[in-house]
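For reference, the structure is listed below as structure tokens.
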Amino acid sequence: MKIHVLQHVSFEGPAYIQKWANNNGHYLEIVRLFEGAPLPDINEISALMIMGGPMSVTEEDIYPWLKPEKDLSKAAVSKNLPVLGICLGAQMIAASWGALIKKNPEKEIGWMDVKLSMAGQINPACAGLPESFTAFHWHGETFDLPNNAVRLAESEATHIQAFQLNRAIGLQFHLETTRESMDLMLENCAADLTPGPYVQSRERILSIEEKAIEELNKHMDSILAYWIQA
């Protein structure tokens, strides 16, 4: 299957998802919005991924593609297409369905636990996930749950860490992280590492063992397997 991937900045690409696509016979059509690439026509899309980025979905005056991207996201969810939003992408889906995007009480950056909600524990999208697991985070905003969506996960710092709406799945955290993508985040967003109860140091972030990253990517495998076939 061809999967359109909306990429907002050069340093937040599909990362491990590219390996998953290669291993499972899928093709990622990367739409580099930061280079001025046009959004695809909704009738050309079979599946849609919306990646992360340091901007806010509310900054339409700075990033003119945000409004049409929200419209495309809403259209894809309305058509019951498989849509996956990661971090900014999850907020994009939520905003396109009228949910309020707002500053999180605390920034959440680094390796911290996510816990499935009661609904998440019985949802097929999360069938391959443990009740609690460690994920990579890098966000300062959060959002309300869109109407008719199901909250799938939470963390100590963030009430909505994952949700499902039709065939769309929004993940506030990053399961696609690799050693390389983590290095790029640290290189480009180091200014975000200000002191806070849920902000880890560069050294702490980099100390993560390779086995933990591999486990993280297995969780991505599990969600993607459901997402592409549901």
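The values are calculated or read from the model by the stated rules, or taken from the named source; none is laboratory data. If you're wondering where the values come from, they're calculated on a predicted model, not measured in any experiment. Backbone-built Cβ (ideal geometry, glycine too); neighbour counts: all protein chains shown.
Observations on the model:
- Checking the stated criteria, MET92 turns out not to satisfy the condition of being within 28 Å of ASN188 (Cβ to Cβ) and surrounded by fewer than 20 Cβ atoms within 10 Å (Cβ to Cβ).
- Count of the range 110-135 residues, restricted to those that are more than 27 Å from LYS74 (Cβ to Cβ) and part of a strand (DSSP E or B), is 8.
- Here GLN164 meets the list (1) under 16 Å from LYS74 (Cα atoms); (2) touching an Asp or Glu at 6+ places or on another chain (Cβ under 6 Å); (3) not charged (D, E, K, R) almost entirely, failing just condition (2).
- Output for the range 35-55, where each listed residue is surrounded by fewer than 18 Cβ atoms within 10 Å (Cβ to Cβ) and either touching a helix residue (DSSP H, G or I) at 6+ places or on another chain (Cβ under 8 Å) or among the aliphatic types (A, V, I, L, M) (or both): ALA37, LEU39, PRO40, ILE42, MET55
- Some residue of the range 112-134 being of a type in the set (Asp, Glu), surrounded by fewer than 21 Cβ atoms within 10 Å (Cβ to Cβ), farther than 21 Å from ILE213 by Cβ and modelled with pLDDT of 95 or more: no
- Residue in the range 25-34 that is surrounded by fewer than 20 Cβ atoms within 10 Å (Cβ to Cβ), modelled with pLDDT of 95 or more, in contact with a Lys or Arg (Cβ under 6 Å, 6 or more places away or on another chain) and under 23 Å from ILE223 (Cβ atoms) present: yes
- Selection count, the range 193-207, where residues are in contact with a Leu (Cβ under 9 Å, 6 or more places away or on another chain) and either closer than 29 Å to ALA125 by Cα or not in a helix (DSSP H, G or I) (or both): 5
- Taken across the range 64-79, residues that are under 30 Å from GLU209 (Cβ atoms) and assigned to a helix (DSSP H, G or I) do not occur at all.
- Candidate set from the range 177-192 (those that are in a helix (DSSP H, G or I), touching a residue at least 40 places away in the same chain (Cβ under 8 Å) and not aliphatic (A, V, I, L, M)); member that is farthest from SER10 (Cα to Cα): ASP192
- Check on LYS107, part of a strand (DSSP E or B), surrounded by 20 or more Cβ atoms within 10 Å (Cβ to Cβ) and either polar (S, T, N, Q) or out of contact with any helix residue (DSSP H, G or I) (no Cβ under 6 Å at 6 or more places or on another chain) (or both): yes
Conditions (1) in contact (Cβ under 8 Å) with a residue 24 or more places away in the chain; (2) not in a loop (DSSP other than H, G, I, E, B), marked per residue:
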site	(1), (2)
SER10	yes, no
PRO14	yes, no
ASN43	no, yes
SER56	yes, no
LYS102	yes, yes
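- Yes/no for LEU224 being more than 16 Å from ILE109 (Cα to Cα) and in contact with a helix residue (DSSP H, G or I) (Cβ under 9 Å, 6 or more places away or on another chain): yes
- Screening SER78 with (1) under 19 Å from ILE169 (Cα atoms); (2) touching an Asp or Glu at 6+ places or on another chain (Cβ under 9 Å) gives one miss only, at (2).
- Only one of the listed residues (ALA190, ALA162) is at pLDDT 95 or above and loosely packed, with under 13 Cβ neighbours inside 10 Å. That residue is ALA190.
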